[in-house]
Ligand SMILES: Nc1ncnc2c1ncn2[C@@H]1O[C@H](COP(=O)(O)OP(=O)(O)O)[C@@H](O)[C@H]1O
Ligand SMILES: [Mg+2]
């Protein structure tokens, strides 16, 4: 692989005295879509928050390089200024700002008025409903509309790497489909995507590469095809029961192999 | 008579409105009331005084320097004191602002003593320049109204029309989401304290000719500004301005028609009543978060 756009090495992250990430390593190729899969509480959000520097004084150990430059220990806004953007879990739009203002916050670091204007149009092309709501407060939008706004806001920074944390969470199947259709279009713009999902089926369909996370570490990784074919991934994340799996004992063995 | 009462109320109310606005700007940014707001304004007023009387500057250059000083004072409070607290609770921050208040109070007492001085603004307190059947306005009254109006307008435009204002609003609502869009939340917080301190300083200079200059000069205006802010809803900028004007009016009407002795209790009574009946103030709108 050419120089990875993001390289995470042996990262350990603590919440107070409790270690949540136990030596996480990850490499992302420029221009790819990489998925991190895993159940609730596995440490996916913690991984993304650590990468973008939102956790004070974390990571405790390990290094993170972005575009060849070391970024662990830097302030979030400095990391963002280097070309990373984040669609956080739960969307986190600014409820009492209008849709337009939310998007302008996304463009906060930019000075090219013309470029901002044309990017606004591009967002309205991706998500026409946002144009209809342009002067509405984000707090009045539906969950799906807020997710579109959160994605657009992140794209307004023209990032090189986009982190997305469970963009499908809590959305109707139709909206989930729509969001997952947009992600390849984002990549087509030259933006590398790191996608965190519990919806492994959908994620592996669009991803090139995937990591599976359990209890604060990656237990397996591979190309999306390999993961889709992997018996364990099939059983535990894709909901396809392997024929040989005989409940307790078998499951225990498989889990152990990963740990 | 009523006309005169209303006009006088607007004059004093506009000073309350400035103090309330100053409180509100930092409250929105930090979620705590800044109890040193009054002393910061007092220090800035002393700076104006020294520039006018000792350095012989004329009013506008002196004001310009005062504005710079006030901004710096706000930055100092945020950068050297508030920011040093690790994962602070609101109570921690409040205690820091009280500490800063005591520090400034002590400093002013040491430097200028409790000797009472008079500040000389270029606006006369006795020269009546508007006079009609309904009311009369002195030069100072008019200057107070005009300057207060300009300050309110500038703050409004700053918050509604500039990138800095947008960043301030974003940080007030969600610090993490602001950071992940490249906003330095610390810098915005410091600037908010600086701007708030400027607004307070202007209120201090405008109120100074009506009082005598001494280290405790802002106690009463601060209490009034606080009452106005509570009345209008600490988090609503236009609310606190209306709160200030309304407080001026209520106070004056109460003083004239009911009891002049108890006029100064009105502000306190308003704080208690508002907190009892509508804690969010008259104008604060509450967002119900959609799940
Ligand atoms: N703010 C926090 N304080 C303490 N523990 C946390 C915090 N956030 C997450 N954790 C813990 O860290 C682990 C990983 O959580 P998280 O990264 O949110 O998982 P995921 O996103 O995969 O669901 C969980 O055990 C969770 O309880
Ligand atoms: Mg999560």
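Paramagnetic label reach from residue A:112 (point 7 Å along Cα→Cβ; backbone nitrogen cut-off under 17 Å): within the range A:180-199, residues A:189-192. Treating r as the C-beta distance of residue B:53 and residue B:261 and R0 as 51 Å, the FRET efficiency rounds to 0.90. With the simple spin-label model, which puts each label point 7 Å out from Cα in the Cβ direction, the residue B:212 to residue B:86 separation comes to 4.8 nm.
Taking R0 as 35 Å, what's the FRET efficiency between residue B:272 and residue B:150 from their Cβ-Cβ distance, rounded to 0.05? With a Förster radius of 35 Å, E is 0.55.
Report the calculated FRET efficiency for residue B:157 and residue A:29 (r = Cβ-Cβ distance, R0 = 45 Å), to the nearest 0.05.
Details: r = 47 Å, r/R0 = 1.05.
FRET efficiency, residue B:157 to residue A:29: 0.45.
Report the residue, chosen from A:85, A:138, A:174, that carries the largest GNM mean-square fluctuation when chain A is represented by alpha-carbon nodes joined by springs under 10 Å. Comparing A:85, A:138, A:174 in the GNM, the peak value goes to A:174. What's the center-to-center distance, using Cα atoms, between the range B:237-251 and the range A:120-146 in Å? Here the answer is 36 Å between Cα centres.
Would you kindly state how much longer the chain becomes between residue B:127 and residue B:76 on full extension, computed as 0.36 nm times their sequence separation minus their alpha carbon distance, in nm to one decimal?
Going from the current span to full extension adds 14.4 nm.
Take each residue of peptide B:162-172, count the partner chain Cβ atoms within 10 Å of its Cβ, and average: the result is 3.
Where both partners of a DSSP beta bridge lie in chain A, what percent of those bridges are antiparallel, to the nearest 5? Display every interim value, and only then the final one.
On the way: 22 of 41 bridges.
Around 55 percent antiparallel, to the nearest 5.
For the options B:60, B:105, B:27, a Gaussian network treatment of chain B with springs between C-alpha atoms closer than 10 Å singles out B:60 as fluctuating the most.
In plain terms, if you count all Cα to Cα distances in the protein assembly as shown and split them into 20 Å steps from zero, the share in each step is 19, 42, 27, 11, 1 percent.
Is the shape of the range B:179-291 rounded, prolate or oblate, going by the alpha carbon gyration tensor and its root eigenvalues a ≥ b ≥ c, with a/c under 1.5 for rounded and a/b larger than b/c for prolate? Provide the component values of the computation, followed by the final result.
Details: a/c = 3.08, a/b = 1.35, b/c = 2.29.
Because a/c hits 1.5 or more and a/b fails to exceed b/c, the range B:179-291 counts as oblate.
Every Cα-Cα pair of the range A:95-158 was included, and the share exceeding 17 Å stands at 28 percent. What is the range B:1-103 by shape, rounded, prolate or oblate, if you read a ≥ b ≥ c off the alpha carbon gyration tensor as root eigenvalues and call it rounded for a/c under 1.5, prolate for a/b larger than b/c, and oblate otherwise? In terms of gyration-tensor shape, oblate.
Histogrammed with a bin width of 10 Å, the alpha carbon distances of chain A distribute as 7, 30, 35, 21, 6, 1, 0 percent, first bin at zero.
Centre-to-centre separation between the Cα atoms of the range B:140-187 and those of the range B:88-116: 25 Å. All Cα-Cα separations within the range A:104-206 were binned at 5 Å from zero, giving a P(r) of 2, 12, 23, 25, 21, 12, 4, 1, each value a whole percent of the pairs.
Considering every pair of different Cα atoms, what Kirkwood radius, in Å, is found for the range B:2-277?
Values: mean 1/r = 0.0523 Å⁻¹.
Over the range B:2-277, the inverse of the mean reciprocal pair distance is 19.1 Å.
So what's the gap between the Cα centers of the range A:11-74 and the range A:154-182, to the nearest angstrom? The range A:11-74 and the range A:154-182 have Cα centres separated by 20 Å.
Within the protein assembly as shown, DSSP assigns beta bridges of which about 60% are antiparallel (rounded to the nearest 5). Pick from A:161, A:120, A:195 the residue whose mean-square fluctuation is largest in a GNM of chain A, springs joining Cα atoms under 10 Å. The residue that fluctuates most here is A:120.
Any read-out appearing in this document is the output of simple, stated calculations on the displayed coordinates, not a laboratory observation. This structure is a prediction, so every number in the text was calculated from the model and none was measured. Methodologically, a virtual Cβ is constructed for each residue, glycine included, from the backbone with ideal geometry; neighbour enumeration extends over all protein chains shown.
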